[in-house]
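To start, the structure itself, in structure tokens.
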Amino acid sequence: MFIVFIGPPGVGKGTQANMLAEKYPMFKISTGDLLREAIREKTTLGERAKSFMERGELVPDALVIELVNEKVSTTSKDINSFIFDGFPRTIEQAKQLDGLLLSKKSSISVAVNFAMDEEERVTRLSGRRMCPKCQRTYHIKFAKPKIDNLCDYCNVDLIQRSDDDEAVIRQRSSVYWEQTRPLLDFYDQRNLLQTIDASRNIDLVFKDLDNFVANLKK
Ligand code: ADP
Ligand code: ADP
Ligand code: ZN
């Protein structure tokens, strides 16, 4: 099973992907997490991606595809269900992903469109905090850690992502509308699109998502 999550920054894709991966034997591939890891490890790819991410622009397709290819091919053969969080983000990436899955005699099972209004999204992003060690996300109001500003799992101080700054948030949103939103038609034309009302609380959104997955498993 291959699930794709599409939506502008801050709708809750990462949060829901983690919850699915905890409940089911599904492997989460978040290109944002992989890119941040590459930057931390100072790999060549990370060095090339860094300035694009700081500006809130998309990292070139070839770099992102390289990361995804590597991750899919090095994941244990026992795992055959994947959640792609924040990938694909361009039509070109979607086509490349189709090719990759075809080579595994597989295809996308569902593309989930996370929909919500702009204002609430900015509130989510500006209150987002991240664990620099395990990359889990929290929110100062909506998903608080047990102890203020400390990761529940790693016991280290949470940080604010440098691209969760107002100007960069604006840039990332416009990149979504221009380059990623066309994917909704791309998947809808193939009858693969499911839209979820992402404005509700974390548990209610997860309930819908869980239903999609349960239906796919039938
Ligand atoms: P994305 O991966 O789509 O950018 P995240 O999962 O990182 O979004 O969520 C953005 C922020 O909003 C995080 O701080 C997260 O804790 C919080 N959040 C996620 N889902 C919800 C929700 N349904 N209601 C309120 N806050 C949420
Ligand atoms: P969010 O969901 O909050 O926008 P991500 O962590 O998914 O954030 O992505 C952070 C940044 O990483 C993006 O602004 C972009 O620069 C880069 N990035 C992540 N995924 C992709 C992708 N599939 N294609 C190109 N760039 C990407
Ligand atoms: Zn942590």
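May I ask for the net charge around Ile196, where only other residues with Cβ less than 12 Å from the Cβ of Ile196 are counted and Lys, Arg are +1 while Asp, Glu are -1?
Residues close to Ile196 contribute a combined charge of 0.
Rounded to the nearest 0.05, what FRET efficiency is calculated for Lys42 and Thr74 with R0 set to 25 Å and r the Cβ-Cβ distance?
0.80
For segment 47-148, what is the charge dipole size about the Cα centre, in debye to the nearest 20, if Lys and Arg each add +1 at the Cβ and Asp and Glu each add -1 at the Cβ?
500 debye
Return the loop-located GluC sites (Glu not before Pro) in segment 56-88 (DSSP other than H, G, I, E, B) with at most 16 other Cβ atoms within 10 Å of their own Cβ; answer none if there are none.
Glu57
Output the relative contact order of the chain, whole-number percent, from Cα pairs under 8 angstrom with separation of 6+ residues.
Across the chain, relative contact order equals 30 percent.
Using all Cα-Cα distances in the chain, what percent lands in each 5 angstrom bin from 0 up to the longest?
For the chain, the binned pair fractions read 1, 6, 15, 19, 22, 19, 12, 5, 1, 0 percent.
Out of Thr123, Thr137, Thr75, any idea which swings most in a Gaussian network model of the chain, alpha carbons joined below 10 Å?
Answer for the Gaussian network model of the chain: Thr75.
If amide H atoms are built 1.01 Å from N in the plane of the peptide, which residues on other chains or at least 5 residues away come under 5 Å of the amide H of Val110?
Residues meeting the amide H criterion: Phe2, Val4.
Compute, for the chain, the length of the dipole vector about the Cα centre, with Cβ point charges of +1 (Lys, Arg) and -1 (Asp, Glu) only. Units Debye, rounded to 20.
Result for the chain is approximately 560 debye, rounded to the nearest 20.
Once you order the gyration tensor axes a ≥ b ≥ c over the Cα atoms, which shape class does segment 79-186 get: rounded for a/c under 1.5, otherwise prolate or oblate by comparing a/b with b/c? List each step's numbers first, then the result.
On the way: a/c = 2.60, a/b = 1.52, b/c = 1.72.
Cα axes put segment 79-186 in the oblate bin.
Taking the square root of 5 times each eigenvalue of the Cα gyration tensor, what semi-axes in Å does the equivalent ellipsoid of segment 62-112 have, largest first?
Numbers: eigenvalues 53, 35, 24 Å².
Working from the Cα gyration tensor, I get semi-axes of 16, 13, 11 Å.
Just so you know, all these numbers are worked out from the coordinates, no wet-lab data involved. Note that the structure is a prediction, hence the values are computed from the model and not measured. When we count neighbours, we look across all protein chains shown, and the Cβ atoms used for this are built from the backbone with ideal geometry, even at glycine.
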